[in-house]
């Protein structure tokens, strides 16, 4: 396979370790070997069925009615036992799948959320290659576990089975194959044993040669399918602006383009699948009859009975089908390899992102904000904002002013520890601070959970949530706290009110607001700012906006200016520049 077998095995071993981690994963190991034990019993039953084949057809050849009836009874008994084992094995395998999937999904989520790796992956330009993390966590974890358990158990049982079946075939094929070749007499002893692996080896090589491009095509197909689903989900998220702009035709063009990419790759898969099928389908159709044809010379020569012919044919068939596991499972193995590669790249990227150090030395200081020689840069290294010095005292409301594009939002991200690009030193409150972006986030949960976020609503209490909603003007929804559809009906301004309700609930010492009242009118903004300062008299408000906030008492203004593209060395005014601090 394209990635190289050793590399795929290393990646798979890493994912297996994550599957068996934890109590649930270790119990899955018990299920795994229990299923393997049932498969071994199934092998013994297959050997017994091969022996039954000889007994049944010999009884038919002798026209022994009593023995035929007895053998029919034995067949139904063996079939009942085999079916029962299969049902139990399937049941246990489904339990194993969900246990290991839960362990692997938990590990993927832990790494994605650890140290804000999800944010760093989104921020980094190189993170673009880690497409659709939702698909990797949801779909690839499921595909990996399902394919791993089925193929691993199959492989282990086939390894054990092949020794049993070959030993039986060796004991049965005591006759040689004799023929003349260019005038010389040739005799191949126990030829049935030698033909089977040669036959399968040639077929396996052909299968891999014809089907190896499918791995890359399957990876690309998963990527394009996820892109199409993301476009559909994104429209659902922005239904109102799309409807207001009459954007249905534009969205349809986007959908058509993305679906066309699916169709193009799918055509390549169909073509390659057809080429592979031209070999594998005839192989699968003939593999059950070839054994009988190969044993016919011995039967026609009178060396074996009809029962012996059928028994040898059955033994040879089991040897060939067991050795043909690679051929029959090739598409599943390709899918397993693709899911393994995608998951491994995702986990490696999250670990690297979480461990990547920041270029900005940020210290935690609950007493104030201090910036010294701070330079903020874009991910590609271009300087965005320079602040020689800036100081925000605790207890003094501050407006960080500046035009759009000056880097105000980036500054808030840096104070929150989310922006690693740049240089210099900064100290800011972390433990007692809340950061409110312009677009407030509402989780896929109830209104109560959104108001208490990131705490659980039980930790806050229903009364506190109701009171906060009443205070910020959302009393209309106070009786719908447990309705999961309430959040969908909130307007942009109501969502910003909800974010301010969180401030009243959590009662932080510092609040950084990045255009967090932009959807509110001036009167509503003033009322809410007054409310927060009255309810939380010790709070420090830091407002980051291009227009002056209203209703904030004792406001101090700090101006910042963007760097000009033609003057990369320009300094943005800080505390000591251009008379920056002035009372509003």
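Every read-out reported here was derived from the displayed coordinates using simple, explicitly stated rules and does not represent laboratory data. Please read these numbers as outputs of a predicted model, since none were measured by experiment. Don't worry about glycine lacking a Cβ; one is built from the backbone with ideal geometry, like all the others, and counts go over all protein chains shown.
For the range 92-151, state what percent of all Cα-Cα pairs lands in each successive 10 Å bin, counting from 0 Å until the bin that includes the largest distance. Reading upward from the zero bin: 22, 45, 24, 9, 0. Taking the alpha-carbon centroid of each part, what is the distance from the range 343-363 to the range 246-264 in angstrom? So the two Cα centres are separated by 34 Å. Specify the inter-centroid distance of the range 16-31 and the range 364-406, based on alpha-carbon positions, in whole Å. Result: 48 Å between the Cα centres.
Once the C-beta distance of residue 250 and residue 160 is scaled by a Förster radius of 56 Å, the resulting FRET efficiency is 0.40 to the nearest 0.05. Only helical DSSP H runs with n ≥ 4 go in: add -39500 (n - 2.57) per run for the chain, normalise by residue count and round the 222 nm mean residue ellipticity to 500 deg cm²/dmol. It lands at -20500 deg cm²/dmol. Our estimate of slack between residue 187 and residue 296, defined as 0.36 nm per intervening residue step minus the Cα-Cα distance, is 37.6 nm.
Let me check I have the definition right: for the range 48-114, take the eigenvalues of the Cα gyration tensor, multiply each by 5, take square roots. What are those semi-axes in whole Å, largest first?
The equivalent ellipsoid of the range 48-114 has semi-axes of 50, 10, 5 Å.
Using alpha carbons only, how many degrees (0 to 90, rounded to 10) separate the axis of helix 248-286 from the longest principal axis of the chain? On a 0 to 90 degree scale, this one is about 20. I need the Debye-formula profile for the chain: one equal scatterer per C-alpha, no solvent, reported as log10 I(q)/I(0) at q = 0.07, 0.08, 0.12 1/Å, two decimals. Rounded to two decimals, the profile gives -0.65, -0.77, -1.27. The length gained on full extension between residue 332 and residue 142, counted as 0.36 nm times the residue separation minus their Cα-Cα distance, comes to 67.1 nm.
The orientation-averaged projected area of the convex hull spanned by the Cα atoms of the range 112-238 comes to 14.0 nm².
Computed from the C-beta positions of residue 36 and residue 180, the FRET efficiency with R₀ = 41 Å rounds to 0.30. Using only the alpha-carbon atoms, how far is helix 330-355 inclined from the longest principal axis of the chain? Give it as 0 to 90 degrees, nearest 10. On a 0 to 90 degree scale, this one is about 30.
Taking the longest Cα principal axis of the chain as reference, the axis of helix 141-172 is set at about 10 degrees.
For the range 34-170, the C-alpha radius of gyration sits at 1.69 times the compact-globule guess of 2.2 N^0.38 Å, with N the residue count.
Taking the DSSP beta bridges with both ends in the chain, the antiparallel portion is around 50 percent.
Using R0 = 25 Å, the C-beta based FRET efficiency linking residue 489 and residue 526 works out to 0.45. The relative contact order of the range 5-355 comes to 31 percent, based on Cα pairs under 8 Å that sit 6 or more residues apart.
Mean separation of Cα pairs under 8 Å and 6+ residues apart, divided by the residue count of the range 222-356: what relative contact order is that in percent? Dividing the mean separation by the residue count of the range 222-356 yields 18 percent.
Here the extension length gained between residue 74 and residue 366 equals 97.0 nm, from 0.36 nm per residue of separation less the Cα-Cα distance.
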